[in-house]
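S.K.: Quick one: the structure is below, and I'll ask about it shortly.
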């Protein structure tokens, strides 16, 4: 479907741009949290692109949701790590 | 199994959204307003995905709604990053 | 100029730099704070602050609010909102003296520190994810 491709492409591009902003914030602050967000959003962009190109479902598909799981855990770990270092 | 992942995703996004909303109240920095809205929107999208995968019958498909919510959330984030990050 | 700064208490200049990095968002912020410090305990309105700094009233008000929110200055909300430097804290007063002196001597270096900081929005974003808010 055309709208599927469009919406995935939209979100993938937006995620990629967000990732680049977060990457820039990371170079300025050296705060790992920004790098984590950059990686997570970049991974989103890549995942969505692959699901459209390969024509596979976006959610209930083995490596897709495993990858998403890794993203979420990565963010969580980055947040916790930030706070462990503060104390 | 997949549904549980999206539930987790919803919680992570919700946590980010709430932390950023709190930060916005403290600092009044608009970047936090927009990114908070984005993450809350992504949390909503995660919740809808969870519902779609686990609780709702196959006759109801939230696919397009989820896509729309995610797209609007990312648009809000981009707006904030472009205009309010310097 | 360089020799003079070397003979100054090293501890002082480290404290000053730390303060600038932690609390000062821009050069007008620093100048507003120093303005109030030098006028202490006399209160000034946002308009007066803006006039002294040659910035717009809106900018002056925003800067004063920022400084107030960080706890660097006090404010009275009578008929007009006025801001003042609260001289109660002795160690803070000594720090302000050092900041004032250092800024007069080393304007370029201090401005350089301020300008090389990531924007306040980015810093606030990072700070939002800190659970224990003792620094800010």
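S.K.: So if we plug the beta-carbon distance of residue C:54 and residue C:90 into 1/(1 + (r/R0)^6) with R0 = 25 Å, what FRET efficiency do we get, rounded to 0.05?
M.R.: On the way: r = 32 Å, r/R0 = 1.29.
That gives a FRET efficiency of 0.20.
S.K.: Quote the FRET efficiency, to the nearest 0.05, computed for residue A:54 versus residue A:28 with a Förster distance R0 of 41 Å and r equal to the Cβ-Cβ distance.
M.R.: Numbers: r = 36 Å, r/R0 = 0.88.
That gives a FRET efficiency of 0.70.
S.K.: Which shape class, rounded, prolate or oblate, goes with the stretch A:2-86 when its Cα gyration tensor gives a ≥ b ≥ c as root eigenvalues, a/c under 1.5 marks rounded, and past that a/b bigger than b/c marks prolate? Intermediate values should be presented prior to the final figure.
M.R.: On the way: a/c = 3.91, a/b = 1.71, b/c = 2.29.
Judged from the Cα gyration tensor, the stretch A:2-86 comes out oblate (a/c at least 1.5, b/c at or above a/b).
S.K.: Hey, another quick one. Normalising by the residue count of the stretch B:2-84, find the relative contact order in percent from Cα pairs under 8 Å and 6+ residues apart.
M.R.: Values: 98 pairs, mean separation 30.0, N = 83.
The normalised contact order for the stretch B:2-84 reaches 36 percent.
S.K.: With each label point set 7 Å from Cα along the Cα-Cβ vector, what nm distance links residue C:114 and residue B:68?
M.R.: 4.8
S.K.: Right, next: Can you pull the one-decimal nm distance between simple spin-label points at residue C:101 and residue A:3, each 7 Å off the Cα toward Cβ?
M.R.: With each label point 7 Å from Cα toward Cβ, the separation is 7.0 nm.
S.K.: Over the stretch A:4-77, what is the relative contact order in whole percent, taking alpha-carbon pairs under 8 Å and six or more residues apart?
M.R.: RCO, the stretch A:4-77: 33 percent.
S.K.: Given R₀ = 45 Å, FRET efficiency for residue B:55-residue A:81 by Cβ-Cβ distance, to 0.05? Before the final figure, lay out the partial values.
M.R.: On the way: r = 34 Å, r/R0 = 0.75.
My answer for the efficiency is 0.85.
S.K.: Which of A:50, A:75, A:39 moves the most in a Gaussian network model of chain A with Cα springs under 10 Å?
M.R.: A:50
No lab work stands behind these numbers, since they all come straight from the coordinates. This one's a predicted model, so the numbers in the text were calculated from it and none came from an experiment. All Cβ positions, glycine included, derive from the backbone under ideal geometry; neighbour counts span all protein chains shown.
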